[in-house]
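Note sheet for the following structure.
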Amino acid sequence: MKRISLFLALLILGTSPAIAAPKSVAAKKLTIIATVNAESMVISGKTIITISNSDGLNSNILLTGMDISGTQLWQKTIDSGVDEVALASAIDPLGNVWLAGASSVLAPVESATAPIQAENPDGVIAEPVTKLRADMNLLTLWKVSPLGDLLGTYTLSQSAPVLINAISVNTSGVSIVGQLLDKPFVLSATSTGVFGKVLSIGTSKTALNTVVRHTDGSVSVFGSSAETLAGKKLAGVRDGVLIRVSKMGAITSVVRSSAPKANRAWLSADSTLALTGFVKSGKIIETAFTKFTMAFAPTWTMRVPSLGTSTVLTAGNTTYGAISSSAAVPGVIGWKPTSASVLLLALSNKGVIAGAYGSSDISEPISLSYSKELGLVGLAKTATQTVALFTLP
């Protein structure tokens, strides 16, 4: 009887289906398009549009349109006569560029009569007085055409300058996240520039890094927090947080991503709720890629060693995640960087590495953008602190 039982057990083990390990992929070299003067980048159709802020008598916003070879097609400046700065950018479904940032109030024109010239027997020449710049206390949205022409400017006065971390645009409007007086906030507006109410979330112990606007007007906000939010207590040193805000501006859900004695944060997200962020536990730093449902339930997740910086974008059935890497990555053949280098991973709809692309010419990813006409294009810092555009080989 014992022999029969043992035989049956061996038969069951021997006929059980084997689970194949994910295949390793060889790293290919990313193509560097051009070195550019840019702080953010979007794609509208066949045009790569970079955004930078220039300084002079007053700060202005410079937009440059380029083709996939890096050749400049056009360049436009947003200059209203006062200081303005763009801090985040996004493309709407019509291909228009939306910029979020801050600007100053236009000073009123003086109508006082000219003063009587004072006597100056010694011929002393007075030094010119430098004009003081007004505080940029206007939270500002700019709507720009695919050719760089300004279509609309929408402002909301604040008590202090605002810092914008991210913007998300769809057919129902615009949503942004940032900080005001060290307090993180969420704000939405219609596509015609009618602002809703500013919603503060937490204190300076919380950071809101990215936002996804949904078709029903609700938003999902992602970042990190070292304090209790909506009754959900801190579990690690600092937790990643996923927050749902209703169309009416009320918090409806908070989920924490925690690890014991670890520091976590979500840094980037796309419209499919593919997220990326870092996990720091002691001296070990990893980037986590996770795909969530609308209920914030993970459908797949993976981690790779990194230096902490990352960004993510889904195109079709593939999720692309770019990290700053200085070590070998399991499942990627031929990737052994000796210094900070950008590695772009193509992940399947099950979170398996299907492709890998890297370059030692760039060190830290800034953003990824995609269009059907041009495919995937990224913006990254170099070791010399210049900025470069890159694409798949």
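The values are calculated or read from the model by the stated rules, or taken from the named source; none is laboratory data. Computed from a prediction, not measured in an experiment: that's the story for all the values here. Note that each Cβ is placed from the backbone with ideal geometry, even for glycine, and that neighbours are counted across all protein chains shown. Just the protein is used for accessible areas: all its heavy atoms, side chains included, with ligands, DNA and RNA removed. Shrake-Rupley method; radii C 1.70, N 1.55, O 1.52, S 1.80 Å.
Quick rundown of the values:
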quantity	calculated
Enumeration of residues in region 251-264 that are farther than 21 Å from Thr293 by Cβ and either among the charged types (D, E, K, R) or exposed (fewer than 15 other Cβ atoms within 10 Å of the Cβ) (or both)	Pro260, Lys261
Selection status of Leu234, at pLDDT 95 or above and either under 25 Å from Ser172 (Cα atoms) or exposed (fewer than 15 other Cβ atoms within 10 Å of the Cβ) (or both)	no
Members of region 39-59 that are open to solvent by less than 40 Å² (accessible area, probe 1.4 Å) and not in a strand (DSSP E or B)	Gly45, Asn58, Ser59
Counted residues, region 337-350 - those being more than 20 Å from the chain's Cα centre (by Cα) and crowded, with 23+ Cβ neighbours inside 10 Å	0
Residue selected from region 234-260 under the condition polar (S, T, N, Q) and part of a strand (DSSP E or B), by the criterion nearest to Lys280 (Cα to Cα)	Ser257
Among the candidates Ile333, Ile353, Ile366, Ile285, residue that is of a type outside the set (D, E, K, R) and buried (at least 21 other Cβ atoms within 10 Å of the Cβ)	Ile353
Residues of region 278-304 satisfying the condition of being touching a Leu at 6+ places or on another chain (Cβ under 6 Å) and either in a loop (DSSP other than H, G, I, E, B) or aliphatic (A, V, I, L, M) (or both)	Phe296
Selection within region 310-327 - of a type in the set (Ser, Thr, Tyr), open to solvent by 10 Å² or more (accessible area, probe 1.4 Å) and either without any contact (Cβ under 8 Å) to a residue 40 or more places away in the chain or outside any strand (DSSP E or B) (or both)	Thr318, Ser326
Strands (runs of 3 or more DSSP E) contained in region 60-155 and holding at least 3 residues among the small types (Gly, Ala, Ser), buried (at least 19 other Cβ atoms within 10 Å of the Cβ) and at pLDDT 55 or above	84-91, 97-103
Selected residue [surrounded by 14 or more Cβ atoms within 10 Å (Cβ to Cβ), part of a strand (DSSP E or B) and aliphatic (A, V, I, L, M)] from Leu275, Leu307	Leu275
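For every residue, the table says whether it meets (1) surrounded by 15 or more Cβ atoms within 10 Å (Cβ to Cβ); (2) without any contact (Cβ under 8 Å) to a residue 12 or more places away in the chain; (3) among the polar types (S, T, N, Q).
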residue	(1), (2), (3)
Lys197	no, no, no
Ala207	yes, no, no
Asp216	no, no, no
Val221	yes, no, no
Leu229	yes, no, no
Gly240	yes, no, no
Val245	yes, no, no
Met248	no, yes, no
